1. ILE141 fails exactly one of the following numbered conditions: (1) within 30 Å of ASN407 (Cα to Cα); (2) in a loop (DSSP other than H, G, I, E, B). What is the number of that condition?
2. Given the structure, is ILE158 surrounded by 22 or more Cβ atoms within 10 Å (Cβ to Cβ), at pLDDT 95 or above and either touching a Gly at 6+ places or on another chain (Cβ under 6 Å) or on the phi < 0 side of the Ramachandran plot (or both)?
3. THR396 - would you say it is in contact with a strand residue (DSSP E or B) (Cβ under 9 Å, 6 or more places away or on another chain), among the β-branched types (Val, Ile, Thr), more than 17 Å from ASP248 (Cα to Cα) and modelled with pLDDT of 95 or more?
4. Given SER101, SER133, which one is part of a loop (DSSP other than H, G, I, E, B) and of a type in the set (Gly, Ala, Ser)?
5. Pull out all pairs, ordered by first then second residue, where Cβ-Cβ is under 6 Å, the residues are six or more apart or on different chains, the first lies in region 419-432 and is touching a residue at least 40 places away in the same chain (Cβ under 8 Å) and more than 15 Å from ALA58 (Cβ to Cβ), and the second is aromatic (Phe, Trp, Tyr) and buried (at least 24 other Cβ atoms within 10 Å of the Cβ).
6. Could you check region 319-334 and list, in sequence order, the residues that are polar (S, T, N, Q) and touching a helix residue (DSSP H, G or I) at 6+ places or on another chain (Cβ under 8 Å)?
7. Here are some residues: PRO455, PRO426. Which one is out of contact with any helix residue (DSSP H, G or I) (no Cβ under 8 Å at 6 or more places or on another chain) and at negative phi?
8. Which condition number does LEU30 fail, the rest of (1) crowded, with 22+ Cβ neighbours inside 10 Å; (2) in contact with an Asp or Glu (Cβ under 9 Å, 6 or more places away or on another chain); (3) over 29 Å from ARG181 (Cβ atoms); (4) not acidic (Asp, Glu) being met?
Amino acid sequence: MAKKRISDVLIEVLANAGIERIYGITGDSLNSVNDSLRRNGKIAFEHVRHEETAAFAAGAEAALTHKLTVCAGSSGPGNLHLINGLFDCHRNRVPVLAIASHIPQSEVGLNYFQETHPENLFKECSCFCELVSNPKQMPEILFRAMNAAVGNQDVAVIVLPGDVAVMETEIDELPVWHHPRLPHIVPQREDIEEMAAHLEKGERITLFCGAGCEGAHDEVVELAKRLQAPVVHAFRGKEWVEWDNPYDVGMTGLLGYTSGYRAIEHCDTLIMLGTDFPYRPFYPETAKVIQVDRDPSALGRRVPLTQGIIGTVKDTLKELLPLVGQRENTEFIDTIRKEYTKFRENLDSYAAAEPDGVAIHPQYFVNRLNKLASEDAIFTFDVGTPVIWTARHLKTNGKRRILGSYNHGSMANAMMHAIGAQNACPNRQVISLSGDGGFTMMMGEMLTLKQLNLPVKIFVFNNEELSFIAMEMKASGYLDYATDFVNPDFGKLAEAAGIKGVSIQNSSEVDEKIMEALNHNGPVIVNVRVDKQELAMPPKIAYQQAKGFSKYLINAILDGRGTELKEMAKTNWMKYKSLY
């Protein structure tokens, strides 16, 4: 039998499995793995500036390709830097393998340099985490990790000490890993019949759709047609059910529409399809609730259920549709659609240009970007106000993708996601909608774009403020504090780094400069000067929010912020008075 180094086994298995790249930063405990990569030559090492980026980029690539992707970090701080990105992958349910190298086995427990216990650290953000302590564990433990990541659509972690990585194992011929296919999960016939019986009794039925509706667009629309039911989507359901859907009435939740909120508030039967929407105040109080999800642990997690069904949405609806007849009464859907149309028209009308010298409304900018970007563009968006404008002003069409830190809610994700997205789809536009807070948090990664020659377009909303946090503070009655930035013009900063920079100061130049950026063959950083006082009101104004905002107004006057309040009123009052 031939002897192979453990790191060589690792890389050969991954290369034979079709892995094209590993995101990470090299380091002492990872050096053997990197040397194996160099000698193997089939997998690129995507050298980023921060291991957190490695995990986010791998997660974005996995989300777009549905294939296993890989990231790596060295011992101690390298592993710790991976964790935030892996939490995002874990909560977005994407298949990612993390290689966490470790200090020498002989030094574990002796307070060695950079010592941590990664087999414990990663357990909360993974479905599989195992330490390789003996050469004979490979490649079988690697196969287990890869199968777990793909089968569970989750993170799997291999902890590999540096001294074990250089050990040899006797192996004649490496077995080949075969990418497992996800199963069709079809509910029991009794469950389908019970669901049909509940629908038969419902008079005002609403469909509430999430990420689990991927690939089930036609079945969702057909069910809505037969039931004359409005279709409300959670943010992660937007790209799967919003387009070509005459029954779509928008989102609910803090980012949503009044129509989406009312469709759920006034229904007597709510059908949750592949969504685990976490905000309890937006669920109905008395309606029957039926939930379909492939994850049994999600059933009833947010609201008491009339019926919980284990199944994938597409397979469940295929079984259900033959049992559902066509309804003629359209009163409920007609009422909600009128509210949706009014809300949508108002939103679009307020995405308006301002005279030169006045900061750009972010809605206007995103509305124009939506119209000018390609039909199959991939958008990433930062947590903060870019989430709001993406949710409300970017239109999906069945070809576009939108990627965000949906459930983990991490700042700075947009540019990091964009790196993985552009690698996964080199011939598509990849557009990052970055907040100034998120962009500056991981600003070094713009150098990664240049180094890897990735033509990502980064649009930075420069309002010199953590505006979403400031908004939250105001809604709770606090004066916004420690939310301001002193920012440069990020377009000029990019030029100093050898990257094309563009600056947009006025509404009149938005179209021209968006196209200048999109047409450039390389990465671009675009500084967009947007209005600092723009508010985004939720569809349901709770008493506590109204009370909190009133308290903020009083405190602001007492603190001498009259000019700020005047600017806020000028920007928002007439807009939201008519909108709501």
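The values are calculated or read from the model by the stated rules, or taken from the named source; none is laboratory data. Given the structure is predicted, the values throughout are model-derived calculations rather than measurements. A quick note on method: Cβ atoms are made from the backbone with ideal geometry, for glycine too, and the neighbour counts reach across all protein chains shown.
1. So ILE141 meets the others, but not (2).
2. When the stated conditions are applied, ILE158 passes them.
3. No, not satisfied.
4. Selected residue: SER133, the only one of SER101, SER133 that is part of a loop (DSSP other than H, G, I, E, B) and of a type in the set (Gly, Ala, Ser).
5. Matching pairs, first to second residue: ILE431/PHE379.
6. Residues of region 319-334 polar (S, T, N, Q): 326, 329-330.
Within region 319-334, GLN326 is the sole residue that qualifies.
7. Just a single option satisfies the conditions, and that option is PRO426.
8. Single failed check for LEU30: (2).
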